[in-house]
Amino acid sequence: MNVAFVLINTDLGADAEVGEALRKIDEVKEVYGVYGVYDIVVRIEADTLQQLKDTISSKIRTLENVRSTLTMIVV
């Protein structure tokens, strides 16, 4: 199982909406709203590294009101 943490910046005031959208993605296992440089931290899991990358690039980064992401793949 491949695991990554994705730190997400959202548009101002859109963190709750983005959080709800993230919870609907199968690979997303945990969603946390946080204070600081980032607005949301998620833990994702996938069977392969490619599925992990695809989830980040095509399911998370394309969500409306997501401004930027930082991904940390667990080794």
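Here are the numbers for this structure:
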| read-out | value |
| --- | --- |
| Neighbourhood net charge (15 Å Cβ-Cβ; Lys/Arg +1, Asp/Glu -1) for LEU12 | -4 |
| Helix-only mean residue ellipticity at 222 nm for the chain, each DSSP H run of n ≥ 4 adding -39500 (n - 2.57), per residue, nearest 500 | -5000 deg cm²/dmol |
| Likely footprinting exposure, GLU45, GLU64, GLU17, GLU27, fewest C-beta neighbours within 10 Å first | GLU64, GLU17, GLU45, GLU27 |
| Which of ILE60, VAL41, MET1, positive extreme of dipole for the chain (C-beta unit charges) | MET1 |
| Fewest-first ranking of THR55, THR71, THR48, using other Cβ atoms within 10 Å as the exposure measure | THR48, THR71, THR55 |
| Theoretical FRET efficiency, 1/(1+(r/R0)^6), r = Cβ-Cβ of GLN50 and PHE5, R0 25 Å, to 0.05 | 0.85 |
| DSSP-loop chymotrypsin sites (Phe, Trp or Tyr not before Pro) across the stretch 13-75, with at most 14 other Cβ within 10 angstrom | TYR35 |
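Bear in mind these aren't lab numbers, they're just calculated from the coordinates by the rules spelled out. This is a predicted model, so every value here is computed, not measured. Heads up, the Cβs are rebuilt from the backbone with ideal geometry, glycines too, and the neighbour counts pull from every protein chain shown.
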